[in-house]
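Some notes on the structure that comes next.
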Amino acid sequence: MSMKALVLNGPNLNLLGLRQPEVYGSTTLAQVEASCLEHGTKLGLEVTCKQSNHEGQLIDWIHECRETGAGIVLNAGAYSHTSVAIMDAIASAERPVIEVHLSNIHARERFRHHSYISKVAKGMICGLGPQGYLLGLDALAKILESE
Ligand code: DQA
């Protein structure tokens, strides 16, 4: 069976490259997604990329992973710091999640230091920019191989 990975981005990440480039860099979401697809191929992962600004949509896509068997590389944006609902969705989907943040959330405002996603994620990568997504896929491939 093929190993599937969902690269899921949350609110405001559609504006990557334009939004606060001093914090998030100049790489666009389309470029991040293209490099995830390319890297996934090397790892033997079938990668799908999705982005939404809506909490319920993100939750629906996480639930779908129960059926598809995909693992998830997730940057939930600001919902990471607020959403018990996304945390519960991850727990309900029973699929491995690697949490990613472009910026180092621990070096920023205090309200960004806590993440609900971290409570249910296999691991978390932050502060490494777009490379974090590729490292997330590396980790996910190892986890999916061992399933
Ligand atoms: C982010 C960090 C969050 O605090 C912020 O709300 C984002 C992006 C990151 O990738 O660094 O939208 O998840």
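Rule-based calculations on the coordinates, nothing more; no lab input. All values derive from a computational prediction rather than experimental measurement. Neighbour counts run over all protein chains shown; Cβ positions are idealised from the backbone, glycine included.
For this structure, a couple of remarks:
- Multiplying the residue separation of residue 85 and residue 18 by 0.36 nm and subtracting their alpha-carbon distance yields 21.3 nm.
- Which of 115, 2, 35, 92 has the fewest Cβ neighbours within 10 Å, and the rest in rising order: 2, 92, 35, 115
- Here the dipole of the chain is about 340 debye; that uses its Cα centre as origin and unit charges on the Cβ of Lys and Arg (positive) and Asp and Glu (negative).
- Taking a ≥ b ≥ c as the square roots of the eigenvalues of the alpha-carbon gyration tensor, the chain is classed oblate because a/c is 1.5 or more while a/b is no larger than b/c.
- Counting neighbouring Cβ atoms within 10 Å and putting the fewest first, the residues 46, 38, 55 line up as 38, 46, 55.
- Pair residue 145, residue 131: separation of 7 Å Cα→Cβ label points (nm): 2.1 nm
- Built amide H within the under 5 Å cut-off of residue 47, gap 5+: 5
- Prolate/oblate/rounded call for the stretch 107-147, Cα gyration tensor, a/c under 1.5 rounded: oblate
- Most mobile of 70, 30, 107 in a GNM of the chain (Cα contacts under 10 Å): 107
- Using θ = phi - 60° in the Karplus curve 6.51 cos²θ - 1.76 cosθ + 1.60, the 3J(HN,Hα) couplings for the stretch 30-40 round to 4, 5, 4, 5, 4, 6, 5, 4, 5, 5, x Hz; x is entered for Gly and Pro.
- Set of the stretch 1-21 residues, backbone N closer than 20 Å to the point 7 Å along the Cα-Cβ line of residue 66: 4-8
- Computed helical MRE - 222 nm, the chain, DSSP H runs ≥ 4 contributing -39500 (n - 2.57), nearest 500: -12000 deg cm²/dmol
- Rounded to the nearest whole Hz, the Karplus-based 3J(HN,Hα) values (6.51 cos²θ - 1.76 cosθ + 1.60, θ = phi - 60°) of the stretch 82-98 follow the sequence 10, 9, 5, 5, 6, 4, 5, 4, 5, 4, 6, 6, 6, 10, x, 10, 10, with x at glycine and proline.
- Taking a ≥ b ≥ c as the square roots of the eigenvalues of the alpha-carbon gyration tensor, the stretch 1-88 is classed oblate because a/c is 1.5 or more while a/b is no larger than b/c.
- Across the stretch 131-147, rounded Karplus estimates of 3J(HN,Hα) from the backbone phi angles (6.51 cos²θ - 1.76 cosθ + 1.60, θ = phi - 60°) give 4, x, 5, 6, 5, x, 5, 4, 5, 5, 4, 4, 5, 5, 4, 7, 6 Hz, Gly and Pro being marked x.
- Build a GNM of the chain with springs between Cα atoms under 10 Å apart, and of 56, 71, 132 the one that fluctuates most is 56.
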